[in-house]
Amino acid sequence: MREYRVRVSDRFLETATLAAVEAYSHGDGRKKRKEIETLGLVWGHCRTRAEETVIFLDRLAVSLSAEREAGSVMPNAGAISLMAEVMERLAPDQLLLGDFHSHPYRDLAEVQMIKGYEFSDGDFDAFLADDAIWDRTNNAPVMVVATVCRLGRVHESGGDHIRNNVWWFDVGQFRFWLNVCVGFLDEAGKRRHTGNKRSCVWLDLNSRFFNDSGDRVEA
């Protein structure tokens, strides 16, 4: 199977983190439940060499028209087309690579109990059925999820891999996990993905974050 190396720009990481933590802490500003998911589109560059594909996640645009709930987020198909066509004109050097969404959880125990940093079965079903994303990415889309929870205690940390395709880091009293999967067509032309475990995706993310013990941000 082909290997995938995924690199992430500072700009992408910052936008993904801000989108996930705002949706977690403040929802959409109208609903009683704060912790909701959010969604966006990913742009960047891709290069294939020998048996490895290198993917650079450069930019993320959060979709304001997506229907966001605590356990799901539904994209607006019209918004996907609109943003893709606008970006073709604003930044023709950028390729639409796929989509991004977040997973909000109450606390660390809940994430660890159900492995909330993994993609759900529903995530994979929606990903494989998303004709708009597959068609616009030449049948090689990327799906990114940022999981977030609130920590009870804040300890000194720097972040690290827990799997090839999953990286965790802390910002203040929040913990984040970034997980990446890549779609591809098998020999029969059927849509497949690299999955959650034993993934052939290497998330190459040297953390820029160092969290001090007791550090908290206002939320």
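Numbers at a glance
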quantity: Centroid-to-centroid separation of the range 1-16 and the range 29-84 [C-alpha atoms, Å]; calculated: 13 Å
quantity: Amide hydrogen neighbours beyond the local backbone of Gly27, cut-off 5 Å, H modeled; calculated: Ile36
quantity: Relative contact order %, the chain, counting alpha carbon pairs below 8 Å whose residues are six or more apart; calculated: 20 percent
quantity: Largest to smallest accessible area among Arg2, Arg153, Arg198, Arg175 [probe 1.4 Å]; calculated: Arg198, Arg153, Arg2, Arg175
quantity: By accessible area with a 1.4 Å probe, ligands and nucleic acids excluded, highest first: order of Arg192, Arg89; calculated: Arg89, Arg192
quantity: Sulfur and carbon atoms: percent of accessible area, the chain [1.4 Å]; calculated: 48 percent
quantity: Calculated from backbone phi, Karplus (6.51, -1.76, 1.60) coupling profile of the range 169-179 in Hz, x at Gly/Pro; calculated: 7, 10, 9, x, 8, 10, 10, 10, 10, 10, 10
quantity: Orientation-averaged projected area, Cα convex hull of the chain (nm²); calculated: 12.1 nm²
quantity: Most to least accessible of Cys149, Cys46 (protein chains only, probe 1.4 Å); calculated: Cys46, Cys149
quantity: Neighbourhood charge, 11 Å Cβ-Cβ cut-off, centred on Tyr117 and excluding it, Lys, Arg +1 and Asp, Glu -1; calculated: +2
quantity: Longest exposed-site-free window of the chain, the sites being chymotrypsin sites (Phe, Trp or Tyr not before Pro) in a DSSP loop that have at most 16 other C-beta atoms within 10 Å; calculated: 1-208
quantity: Principal axis dimensions, the range 1-88 - Cα atoms, whole angstrom, descending; calculated: 51, 25, 25
quantity: Rounded accessible area of Val21 (nearest 10 Å², 1.4 Å probe); calculated: 30 Å²
quantity: Degrees, to the nearest 10: 77-90 long Cα axis against longest axis of the chain; calculated: 80 degrees
quantity: Accessible area per residue, Å², the range 1-149 with all protein chains present, probe 1.4 Å; calculated: 51 Å²
quantity: Loop-resident sites, the range 1-57, for GluC sites (Glu not before Pro), counting at most 16 other Cβ within 10 Å (DSSP); calculated: Glu51
quantity: The range 104-189: relative contact order in percent, alpha carbon pairs under 8 Å with at least 6 residues between; calculated: 33 percent
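The values are calculated or read from the model by the stated rules, or taken from the named source; none is laboratory data. Keep in mind the model is a prediction, meaning the values are calculated, not measured. Please note: Cβ atoms are built from the backbone with ideal geometry, for glycine as well, and neighbour counts cover all protein chains shown. Calculation scope for accessible area: heavy atoms of the full protein, side chains included, ligands and nucleic acids excluded. Shrake-Rupley method; radii C 1.70, N 1.55, O 1.52, S 1.80 Å.
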